[in-house]
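The values are calculated or read from the model by the stated rules, or taken from the named source; none is laboratory data. The structure presented is a predicted model; accordingly, all values stated were derived computationally and were not measured. Glycine also receives a Cβ, built like all others from the backbone with ideal geometry; neighbour counts cover every protein chain displayed. Heavy atoms of the whole protein, side chains included, go into the accessibility calculation; ligands, DNA and RNA do not. Shrake-Rupley method; radii C 1.70, N 1.55, O 1.52, S 1.80 Å.
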Amino acid sequence: MQRFHQNRRNQAVRDACAETRLGAADLIPALFVVEDENYLQAVPGLETTWHAGIKRLAEALSPWFALGMDKVLLFGICPEEHKTPDGRAAWSADSLIARAVREIRTRFPAISVITDVCLCAYTSHGHCGVLTAEDHQESCQIDNDATLPLLAAMAVCHARAGAQWVAPSAMMDGQVQAIRQALDAAGFQATRILGYSAKFASALYGPFRGAAGSAPGLGDRASYQMDIRNGREALSEIAADLAEGAAAVMVKPAVHYLDVIARARDKWPEATIAAYHTSGEFMALRAAAQAGVLDGRKALHEQLTAIKRAGADWIITYGGAAWLKQAEEARW
Ligand SMILES: [Zn+2]
């Protein structure tokens, strides 16, 4: 008989024998930057993060950094009147995200700033790239190759502002290569790419789309995001991103795709793998906790630990602060 109970006898022994340890630096909070410089409000429907203007960024970010987090992922909220079919507000020299990056780099020099690179928050139709001319407003077919230089321009804009990482989430084929080449050509060889390599066409993005104002006006994203049924293809997507120059890769969502994370970890032991614990995953737990169905903080800890145990190095999550604080946050 093996005495497995020996290592489970009390908390100290369990802690000593734990195979997986979750720390603050594993967790990456996401923040939504808005045009109004003095605005700071919890995001409606996603209350553990913020809609923050440039002058209130430090106020929003400081509590997270005080908990030990050392990275942040930024999304821009584009005013409706600035949205265009090609999303050009995304790559203007003085874009919202460029200004936010400069502010954060100045105020928090030790923090790694990761910027989301995608057009959906900036296009009038809400898709992640430009649409083909013939299909405009019909089946919402994406013009993959015409989108690549736009994503590249957006990434260079963020790198120029000081972002250490750019994270293309548009799921365009060849986006990592196009961005890598553009960054190198502009002299930003040190700027790293976190590829949203295996991003599935998931039902779990709802609260985020409300927060980012990026829901597609027509159609869905199934023609460019991954089919939820495909695991082997996910590995091909990750392989392509690594070959194209991604310094880190991502699986999104996380909990429903632990198999993909685990297979990627086995296949690329040396790779930095991120997982996106999506708004839907987090808010489902929160709703269950608020309904008294389960202990939300424990369940969140279990999910985040499972994501790390499966092989993720980094976890983007809306619940990081809620979990890290010893007392359950009022907003959570
Ligand atoms: Zn997008």
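Observations
- For the stretch 128-206, carbon and sulfur atoms together expose 49% of the accessible surface, with a 1.4 angstrom probe and every protein chain in place.
- Sequence-separation-based contact order of the chain, relative, with Cα cut under 8 Å and 6+ spacing, percent: 17 percent
- Charge dipole of the stretch 259-332 (Cα centre as origin; +1 on each Lys and Arg Cβ, -1 on each Asp and Glu Cβ, all else neutral): 40 debye, rounded to the nearest 20.
- Each of ASP313 and GLU80 was given a label point 7 Å from its Cα along the Cα-to-Cβ line. The distance between the two points is 4.2 nm.
- Taking the Cα centre of the stretch 193-302 as origin and assigning +1 to Lys and Arg Cβ atoms and -1 to Asp and Glu Cβ atoms, the resulting dipole is close to 260 debye.
- Between amide H atoms placed 1.01 Å from N, distances below 5 Å from GLN41 occur with HIS51, all of them 5 or more places distant or on a separate chain.
- Net charge over other residues, Cβ less than 9 angstrom from the Cβ of ALA310 (K, R count +1; D, E count -1): +2
- When +1 charges are put on Lys and Arg Cβ atoms and -1 charges on Asp and Glu Cβ atoms, the dipole computed for the chain relative to its Cα centre reaches about 1440 debye.
- Taking each residue as 0.36 nm, the span from ARG107 to THR272 lengthens on full extension beyond its C-alpha to C-alpha distance by 56.7 nm.
- Unit charges at the beta carbon, dipole of the stretch 10-118: most positive-side option, ALA100, ILE111, LEU57: ILE111
- Amide proton proximity set for ILE28, modelled H, under 5 Å, gap of 5+: ILE315, ILE316, THR317
- Residues within the reach of a label modelled at GLU233 (point 7 angstrom out along Cα to beta-carbon, backbone nitrogen below 14 Å), restricted to the stretch 151-178, are 171-173.
- Expressed in units of 2.2 N^0.38 Å, where N is the residue count, the Cα radius of gyration of the chain is 0.98.
- Comparing ALA264, ALA190, ALA239 in a Gaussian network model of the chain where C-alpha atoms under 10 Å apart are linked, the largest mean-square fluctuation is found at ALA190.
- The P(r) of the stretch 243-332 has a tail past 14 Å containing 63 percent of all C-alpha pairs.
- Among ALA185, ALA159, ALA100, the residue with the largest mean-square fluctuation in a Gaussian network model of the chain, with springs joining Cα atoms closer than 10 Å, is ALA185.
- Among ALA291, ALA89, ALA198, residue whose mean-square fluctuation peaks in a GNM of the chain (springs only between Cα atoms under 10 Å): ALA291
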